[in-house]
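Heads up: the structure comes next, in structure tokens.
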Amino acid sequence: MADVEAVQIIAESLKQQGVDYVFGIIGIPVIELSMAFQAAGLKYIGMRNEQAACYAAQAIGYLTGKPGVCLVVSGPGLLHVTGGMANAQVNCWPLIVIGGATNQDHEGIGGFQECPQVELSRPYCKYAARPPTAALIPLHVEKAVRYATYGRPGVAYLDFPGNILQSKAPEARIYKALAHPAPPMAYPPHDDVIAAARLLRQAKRPLVIIGKGSAYAHAENTLRHFIENTNLPFLPTPMGKGVVSDTAPQCVSSARTLALQKADVVLLLGARLNWILHFGRSPRYDKDVKFIQVDICPEELHNSVISSVAIQSDIRPFAEQLFEQMNAVNFRFGYEQDWWKQLAVKCKQNKDTVQQMSLNTSTPLNYYAVFHHLRELLPKDTIIVSEGANTMDIGRSMLLNEQPRHRLDAGTFGTMGVGPGFAVAAALFCRDFAPGKRVLCVEGDSAFGFSGMEIETMVRYKLPVTIVIVNNNGIYGGFDKDTFEAIRSEGDLTQITPPSALGVQVRYEEMMKMFGMQGYFCTEIEQLQTAIKAANQLTDRPTIINVAISPSSDRKPQSFNWLTESKL
Ligand code: ADP
Ligand code: MG
């Protein structure tokens, strides 16, 4: 029997385990491997920056439930993706990273790009290994995909030294891995569902929090019925947005602070009590609040606070069974309840404040006006990628999601630079699974700088991503031209240029000219409207809309300072 090349074994094993997409940047020693991927029918997307490739691979994993692969070279290549690996692992998204490595003959004597890659990856992985021979590759690929997708999803790393990549194995000797079935469903113990239902029924001020675990679990149909029928107020987390529509009457995002602070029973569905949810502690929550926590990962239960009911379960069967219990007694938390009245007043107050700021279209523009008008012209099912400090925070409340898994942002790890990579993956997802759906990538000017060159990737693969840069000339707050010029006229720039400053009036949209294409620069709402309408027509190319806003535009006043005031 013939010998089979290692690169072919890797590619076919991945295909066999259900992997479809590879994002990467090639070089020695993985060039042949990238070609083997294409030969095996995997879709290979060449990116410009390894981090962005890793972000794209993990976003496709979150969107499809099957891990994408990130392919990189040895040493610096692998080091550049560790940020991406950590981001995926912290977000609980499935991802496979494959790194080339220095030839084993050269290890220890200063081999080309030599680096302890398996050890380096391990803290950001569920599984990290170097398959010892070509024949054993299918075993490790199967295990990597299984670890990435079973239980709490995460990252697997496979390391391939050049000599292994160049080796062959006799066909008869190649390990025969079976394609494993989809992850097993974790069902909730019946008694726990009863206990959860009882606690919720007794609550005076109940609140449901829907996290990105619910989105990943595809629990949208059940949760929509559940919320509609029980009429319980709910709050989505940033990427839990859209599992139940932001436009549902039960959504109390506009009264988030009050809802968290006064709730007496919180049903936590696939969301961790970490910084995003203020650790579940006073003063952001009532000190006597009771949590019903549902998570696929048992180690997560009781983290930060002790839950009254803690259930290891997939969100979908739990939500179905809880719904049955509540429905059996015709439970409905009516608007006549005092809690709903308090929430309604607060929602209205906040919506009125925001409405005023949104309708203020005087120039220079403010964030709220930009997002309000952007939202009006976006198709409702647009996938929204969002990052930046104020840009993401304000965009979260202003840009609504009506469908699940339609929002990708800096996430649990708070990583900046994820936007363009996520947008590449989202646009490929739309092309392959939801033709006609659009991708909007809203970036602060700082965030865009991290991975802006991926615009070339979008042009090369004809991806119709609308990039909107909300440009305030800086990180957090920005600078106007006069201040910036005054600062610059005064001597040693490294001493006097504020660390938060970026160039003023930078014409990012002109990057489209590199490709003979058009971008848009907007200082007024009418220009933004014209640009969005034009961008909405594009089907085979991205565009950049650069919106100059007031450098002093900020969030509306908050009752709590960000990240502070949670007693530990
Ligand atoms: P968010 O950022 O939306 O608050 P987190 O990332 O903090 O969400 O939490 C998501 C949680 O969902 C994780 O603890 C993860 O273990 C859990 N999870 C992931 N998939 C599922 C699933 N299918 N069923 C239940 N829980 C899940
Ligand atoms: Mg900025």
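FYI, it's all coordinate maths here, none of it is from the lab. If you're wondering where the values come from, they're calculated on a predicted model, not measured in any experiment. Here Cβ is always computed from backbone atoms with ideal geometry, including for glycine, and neighbour counts include all displayed protein chains.
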Discussion item. Quick query: amide H of residue 101 versus all other amide H atoms, modeled in the peptide plane; which residues come in under 5 Å with a sequence gap of 5 or more or a different chain?
Written reply: 160, 162
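Please arrange 339, 93, 275 by how many other C-beta atoms lie within 10 Å of their C-beta, fewest to most.
Values: 339 22, 93 26, 275 12.
In increasing order of surrounding Cβ atoms, one gets 275, 339, 93.
Exceeding 31 Å between C-alpha atoms, which entries from my cross-link table qualify? They are 66/346; 212/346; 241/262. All intermediate terms of the calculation are to be shown ahead of the outcome.
On the way: 66/346 41 Å; 212/346 25 Å; 241/262 21 Å.
Among 66/346; 212/346; 241/262, the Cα-Cα distance tops 31 Å for 66/346.
Would you mind putting 531-542, 479-490 in packing order, based on average other-beta-carbon counts within 10 Å, highest first? Could you put the intermediate results ahead of the total?
Working: 531-542: 16.8, 479-490: 13.8.
The most tightly packed comes first, giving 531-542, 479-490.
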Response to the item:
Here the percent of antiparallel bridges among DSSP beta bridges lying wholly in the chain, to the nearest 5, is 5 percent
Discussion item. Positive end of the dipole of the chain, charges at C-beta (+1 Lys, Arg; -1 Asp, Glu), about the Cα centre: which of 362, 219, 194 has its Cα farthest in that direction?
Written reply: 194
Practice prompt. Could you work out the Kirkwood radius for region 3-173, taking every pair of different alpha carbons, averaging 1/r and inverting it, reported in Å?
Written response: 15.3 Å
Worksheet item: Distance in nm between label sites at residue 163 and residue 338, each 7 Å beyond Cα in the beta-carbon direction?
Response: 7.6 nm
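Can you give the convex hull volume of the alpha carbon atoms of the chain per residue, in Å³?
Spelled out: Cα convex hull of the chain, divided by residues, is 163 Å³.
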Item to complete: Rounding to the nearest 20 debye, state how big the charge dipole of region 360-548 is about its Cα centre with +1 on each Lys and Arg Cβ and -1 on each Asp and Glu Cβ.
Response: 740 debye
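I need the semi-axes of the equivalent ellipsoid of region 453-550: take the C-alpha gyration tensor, multiply each eigenvalue by 5, square-root it, list largest first in whole angstrom. Could the numbers behind the result be given before it?
On the way: eigenvalues 182, 47, 19 Å².
Semi-axes, largest first: 30, 15, 10 Å.
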Worksheet, complete the sentence: Per-residue ellipticity at 222 nm attributable to helices in the chain (runs of n ≥ 4 DSSP H, -39500 (n - 2.57) apiece, nearest 500 deg cm²/dmol) works out to -11500 deg cm²/dmol
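With +1 on each Lys and Arg Cβ and -1 on each Asp and Glu Cβ, and nothing else charged, work out how big the dipole of the chain is about its Cα centre, in Debye to the nearest 20. The partial results should precede the final answer.
On the way: 52 positive and 53 negative charges, 286 e Å.
The calculated dipole for the chain is roughly 1380 debye.
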Worksheet item: Toward the positive end of the charge dipole of region 3-173, about the Cα centre and with charges on Cβ (Lys, Arg +1; Asp, Glu -1), which of 154, 136, 19 goes farthest?
Response: 154
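Relative contact order for the chain: what is it in percent, counting Cα pairs under 8 Å that are at least 6 residues apart? Could you put the intermediate results ahead of the total?
Details: 1243 pairs, mean separation 71.5, N = 568.
Relative contact order comes out at 13 percent.
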Worksheet item: Which of 446, 494, 400 sits farthest toward the positive end of the charge dipole of the chain, with +1 on the Cβ of Lys and Arg and -1 on the Cβ of Asp and Glu?
Response: 400
Worksheet item: If you place +1 on the Cβ of every Lys and Arg, -1 on the Cβ of every Asp and Glu, and leave all else neutral, what size is the dipole of region 359-466 about its Cα centre, to the nearest 20 Debye?
Response: 340 debye
Worksheet entry | Geometric extent, Cα atoms of region 360-548 - Rg, Dmax (angstrom) | 16.3, 55
